Each structure stands twice: as C-alpha cells, then as structure tokens.
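Here the structure is laid out as structure tokens; the discussion comes afterwards.
Taken together, the values in this text are just the output of simple stated rules run on the coordinates, not laboratory data. Quick caveat: nothing in here was measured; it's all calculated off a predicted structure. A quick note on method: Cβ atoms are made from the backbone with ideal geometry, for glycine too, and the neighbour counts reach across all protein chains shown.
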Amino acid sequence: FYLKHTNGDYKKEELLKKALNNINPNKSHTYRKGKAKGWINTLTEVQKQLIQEKAGDLLVELGYEKDVRI
C-alpha cells in the first residue's frame, strides 16, 4: 500500500511512523487538554449566546449540558 499524495511514495507503516513522530501538543493550535467543558473557556460571550440560541436544546438532549444555559 503506497500513498501517492505525499512528497514521495511511502508505505503505510512509514507514513504512520512519521505522523506519530510529528505529534507535539505544545506546537499544535488544534490540541486541547480534553477536560470536560474546557472548550467553553475559549468562546466569546457572543459565541456562547449563539450556541445557546441555536443548539442549546441539542446540547441538553445529547447530555453535554444539564440545561440550555451555557
């Protein structure tokens, strides 16, 4: 199995090894600590209000929140 959409032809195992070696949470802008509700600390008040209005009921239904208030 080779991937053609890279700078070279890599076997799947080689590409996986390279990807794992590149994981560095301290340099990643997408890495989160994974703590419950940690995402809410990154939102502005406007964003929180929009989420509450548009998806508040869904957050409760899915068990992410106990009530519609975020």
Under a cut-off of 17 Å between alpha-carbon atoms, report the aspartates and glutamates in cross-link reach of Lys17, not counting same-chain residues fewer than 8 places apart. Asp9
Can you tell me which lysines have their Cα less than 27 Å from the Cα of Lys66? Leave out same-chain residues fewer than eight positions away. Lys33, Lys35, Lys37, Lys48, Lys54
dims of region 29-70, Cα set, principal axes, largest to smallest, nearest Å -> 29, 22, 12
Cβ neighbours within 10 Å, averaged per peptide: list 54-65, 12-23 in order, most packed at the top. 54-65, 12-23
